[in-house]
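A.B. asks: What follows is a structure written as structure tokens; I'll ask about it next.
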Amino acid sequence: MDVGEVDLLVGISSHDHARTTSHALRAIERSVQQHFTRQRAVIINACGEEKESRNKSAARLRILAEENLRFPKLAALRTIHQVNVDSSVPPSAGSALHTILAAADLLRARACAVLSPGSADLTPDWIAKLLAPAYQDNFDFVAPIYARHKFQGLLARNLLYPMSRAIFGCGIRELYSDEWGFSGRLAAACLNQDVWNEEHIRARPEAWMAISAMAPDFRCCQSFLGPKMQSTAGYDTNIVEVFRQAVGNLFWCIESRQSSWLESDRSELVHTIGPDHELTSETTRLNRHRIFELFQSGVTELEPMLGSILDPETHAEIKSAVALEESKFRFGPELWVRTLYDFAASYHHAVINRDHLVQALVPLYRGMTFSFLIEYADSSTAEMEAGSDRLCGEFARQKPYFREKWKAMIEVKS
């Protein structure tokens, strides 16, 4: 209440990054000083830091203020407020976002951004590129676009982006990211949705907020930020948990928002500020042979479960593919799209435990990934993007099939 109304609000949402929060605070300060000198700004630290960490953060802000006196050309003309959330237990990602949205609504913020202090790439320019489209151009959601290695972010490229684009009619490349921007209007709309006790929202709210912004009432855009540091984790590190959160969340959004897409053929391009894709030449370590082995063993082990999830024709094609030699195996776009639509429809009909269903998709994703690595081993950026467009087109072409499977009355198996 002491802060009053603000123009800009930046929320820090991830927990367990107390050591790097000072880096995020400094980047936010610099961003406001360099790009928004006349705007009223507030930082909402929703990380639930312990008292000692909060005191250190506050001390660092005082040091920044003293530096501003020495370097007045960098100083904002208004005070940059900081509000820390006093939490005795670490907040979930969903509860941290709820706090940030509530603050944005209370303070009537015009443009907002959510950041993770754990992002080593965070810079003042990044923050400005997320805030400016909402503040200056009245966009309601600002998704980041990163420069990546062509074999980085394959889950987004081959599943999350094309599937969400076909179903919701709006193609946002990064449904899951550590940073994004949004308007105060979208914050109020999301705050009022009755979803905050849902496990999917508590664990990973990013895609839900992006998909909420795909509604016709809101304007979405993407802003190119630059290279994104590649994770040092290996390909198979906790991939099942990634699927449970990312793909499970997408399937839940498809289920919970079926009234917005089931009878709609809406398709809109998303305005992009800067390049809409960029590939880097950094090296990547992916063991194709190991990925293929995990595909074969996983499909074999899950054979009975896959029989209850997949359409008989899809199931037969996958069983035939598993028997192929590595050199002859391909998991084509048509089969991949039909597989995903079968899984999403079976999720809707709850043919088996939904958590188990999402996990059963992992070995099939490995098979598609192996095929993708072979096909695009020597491809250029243009060829990669053309392949992505073809996959999006295949998702759109098979959408009637998905509707039919979704509406079908089926026998639920125990």
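The values are calculated or read from the model by the stated rules, or taken from the named source; none is laboratory data. In this text the structure is predicted, and so the values were computed from the model without any measurement. Quick reminder, even Gly has a Cβ in these numbers, built from the backbone with ideal geometry, and neighbours come from all protein chains shown.
A.B. asks: Residues 320, 371, 327: which one is surrounded by 14 or more Cβ atoms within 10 Å (Cβ to Cβ) and either small (Gly, Ala, Ser) or within 28 Å of residue 256 (Cα to Cα) (or both)?
C.D. replies: Of 320, 371, 327, the one residue that is surrounded by 14 or more Cβ atoms within 10 Å (Cβ to Cβ) and either small (Gly, Ala, Ser) or within 28 Å of residue 256 (Cα to Cα) (or both) is 371.
A.B. asks: Tell me yes or no: at least one residue of the range 281-292 is surrounded by fewer than 15 Cβ atoms within 10 Å (Cβ to Cβ) and within 22 Å of the chain's Cα centre (by Cα).
C.D. replies: There is at least one residue in the range 281-292 that is surrounded by fewer than 15 Cβ atoms within 10 Å (Cβ to Cβ) and within 22 Å of the chain's Cα centre (by Cα).
A.B. asks: Within the bounds of the range 26-42, is there any residue that is at pLDDT below 55 and surrounded by fewer than 19 Cβ atoms within 10 Å (Cβ to Cβ)?
C.D. replies: Checked the range 26-42: no residue is at pLDDT below 55 and surrounded by fewer than 19 Cβ atoms within 10 Å (Cβ to Cβ).
A.B. asks: In addition: Mind checking which residues of the range 243-269 are basic (Lys, Arg) and either over 13 Å from residue 212 (Cα atoms) or not in a loop (DSSP other than H, G, I, E, B) (or both)?
C.D. replies: Within the range 243-269, 244, 266 meet the criteria.
A.B. asks: Another one. I'd like to check something: does the range 164-178 contain any residue that is within 22 Å of residue 148 (Cβ to Cβ), in contact with a Gly (Cβ under 8 Å, 6 or more places away or on another chain), in the same structural domain as residue 260 (by TED's automatic domain parsing) and not acidic (Asp, Glu)?
C.D. replies: Yes, there is a match, as at least one residue in the range 164-178 is within 22 Å of residue 148 (Cβ to Cβ), in contact with a Gly (Cβ under 8 Å, 6 or more places away or on another chain), in the same structural domain as residue 260 (by TED's automatic domain parsing) and not acidic (Asp, Glu).
A.B. asks: Select from the range 162-214 the residues that are more than 18 Å from residue 100 (Cβ to Cβ) and without any contact (Cβ under 8 Å) to a residue 24 or more places away in the chain and write down the one among them that is nearest to the chain's Cα centre (by Cα).
C.D. replies: Within the range 162-214, the match that is nearest to the chain's Cα centre (by Cα) is 199.
A.B. asks: Counting residues that are over 30 Å from residue 382 (Cβ atoms), which strands (runs of 3 or more DSSP E) fully inside the range 81-200 reach at least 3?
C.D. replies: Correct list: 111-115.
A.B. asks: When both residues are 6+ apart or on different chains and their Cβ atoms are under 6 Å apart, which pairs have a first residue that lies in the range 308-327 and is in the same structural domain as residue 369 (by TED's automatic domain parsing), and a second that is among the basic types (Lys, Arg)?
C.D. replies: Taking only residues 6 or more apart or on different chains, the pairs are 308/413; 314/338.
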